[in-house]
């Protein structure tokens, strides 16, 4: 997964934001979907779970497993995480934007600290 996240840096055309939720142009799933690119989540710096950093990648949840991979093009860094055995039903989401799982917020906070952000 880390290799895929790193390789996203080689395809800047995938960093393009094709859609940003404006309150009327789609369903945001309680704040989860705020922007999307060509097949990937593309969080512009002002809507990013890591404030001020564009994030290009994907994350998801299934059956108590949360995982994600991200490329941060501004600093050429990658973040990859996976956690299993999360409580069902899941904890309340971090409100965002974007709304993300509470477990993922913990990982992103650790990544921010490790990256000095």
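Below is a table of values for the structure above.
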| read-out | value |
| --- | --- |
| Burial ordering of 15, 71, 58, fewest other beta-carbon atoms within 10 Å first | 58, 15, 71 |
| Sorted peptide list for 30-43, 75-88, criterion being average Cβ within 10 angstrom, highest first | 30-43, 75-88 |
| Simple spin-label estimate for residue 65 and residue 102 in nanometres, 7 Å along Cα-Cβ | 2.3 nm |
| Which label in (i) 53, 30, 25; (ii) 37, 36, 24; (iii) 46, 32, 29 gives the computed Cα extents along the principal axes in Å | (ii) |
| In nm, spacing of pseudo-spin labels at residue 112 and residue 75 (7 Å Cα→C-beta vector) | 1.1 nm |
| Two-site label geometry, residue 1 and residue 22: point separation in nm, points 7 Å out along Cα→Cβ | 3.5 nm |
| Residues 117, 69 arranged by fewest to most Cβ contacts within 10 Å | 117, 69 |
| Cα Rg, Dmax (largest Cα-Cα span) when computed across region 1-70, Å | 12.4, 37 |
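Only the coordinates and a few stated rules stand behind these numbers; no lab work does. Given the structure is predicted, the values throughout are model-derived calculations rather than measurements. Cβ: placed from backbone, ideal geometry, glycine included. Neighbour counts: every protein chain shown.
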